[in-house]
Structures are given as C-alpha cells and as structure tokens.
Amino acid sequence: MKQLSEGTRVLVADGAYALVLRNDGDGVFPNLRLERAYEQDNPATREQGSDKPGRMNDSLGRRSAMEATDWHRVAEDRFVQRIADDMAKDLKAGEFTDFVLAAPAVALGEFRKAATSALTDATIMEIDKDLTNHPIDRIEKIVVKALEDADG
C-alpha cells in the first residue's frame, strides 16, 4: 500500500511557484511541513520579447514567417528543470527516499523530462493537478486521498 512514510518529499509545483514539503508524520498520521519554496517573476511573452517573428525562404523562393518564441513558456520550463535538479541533488544526498509530485500537465511533463532516473524511481505518485494555491493541510488531504485511491 502506498502511503506517505516519514521523510517523504512532496513537490507541489506549476511553472512559476513551487513548494517542497516534507512529511514529519507517518503513513497513518501525515504531517507535511514546508521544506523550501520557489518563486519566479515571469512576465508574459509580449513583455519579454519585442522582435517580430523571423522570415525564411523556402526552396521555391517563397517567404514565410517563423513561429515566435514563447519566452514565458521557456522560463516556466527552465524553472521546473531547476527544481528537478535540486530534488535530484537532495535525493542523492540521502535527504529522502520517496517522492510525490503534484503539478498541472505541462509542468508534470517538463519535470518528467528533467528528472534523473533515480528521482523517477523514487517517485511513488504523480498527481496531475495544480495545488499551488491550496493551504498545506488541504494539500496533505489531497495527496493522502490520491495515494489511497491508487491502491483501491
């Protein structure tokens, strides 16, 4: 049965904000405590880049516009990658053995790409949901319920 054992890390993240929580309780009585928080100021793409999209010529001499870079998305992806790197370092240092990730689909996918194989192996649950605006006690209940439902 999957449960939040003592020391389990729970990462609640989206593209601009993240909480790293540690379970100081056990599987029966979990007690999530804030270990670390991340935040980044990430303005909209229109505020980050002012160049118009580039042009290219195809083999027939026709010109077409290239897709503009979404700088906002690039910054969100780098943010999630940085968190994955930090979590991998913590795992390697022996700070935890079990890991739960709660993030919306885009951040979840980016985290999966950035995660080391050891971090992937330590992951006991992924929750496809943005919990960054929930209080910690509510996050705790949602994570416990998700773990219980996974066993059912």
Open item on the list: Report the Cα-based extents of segment 89-146 along its three principal axes, largest first, to the nearest Å.
Closed with: 29, 24, 17
Open item on the list: Under the 0.36 nm per residue contour assumption, what length would be gained going from the current alpha-carbon distance of D151 and V28 to full extension?
Closed with: 42.8 nm
Task: Net charge contributed by nearby residues that have their C-beta within less than 12 Å of M125 (K/R +1, D/E -1) - done: -2
TODO: Using θ = phi - 60° and the Karplus relation 6.51 cos²θ - 1.76 cosθ + 1.60, list the HN-Hα couplings for segment 104-113 in order, rounded to whole Hz, with x at every Gly or Pro.
DONE: x, 3, 5, 5, 4, x, 5, 5, 4, 5
- [ ] Check cross-link reach from K129 to the lysines: straight Cα distance under 21 Å, and skip same-chain residues fewer than eight apart.
- [x] K2, K113, K141, K145
TODO: Count the net charge of all other residues whose Cβ sits under 10 Å from the Cβ of G15, scoring Lys and Arg as +1 and Asp and Glu as -1.
DONE: -3
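Read-outs throughout are calculated quantities, based only on the coordinates presented, and are distinct from any laboratory measurement. Given the structure is predicted, the values throughout are model-derived calculations rather than measurements. Neighbour counts run over all protein chains shown; Cβ positions are idealised from the backbone, glycine included.
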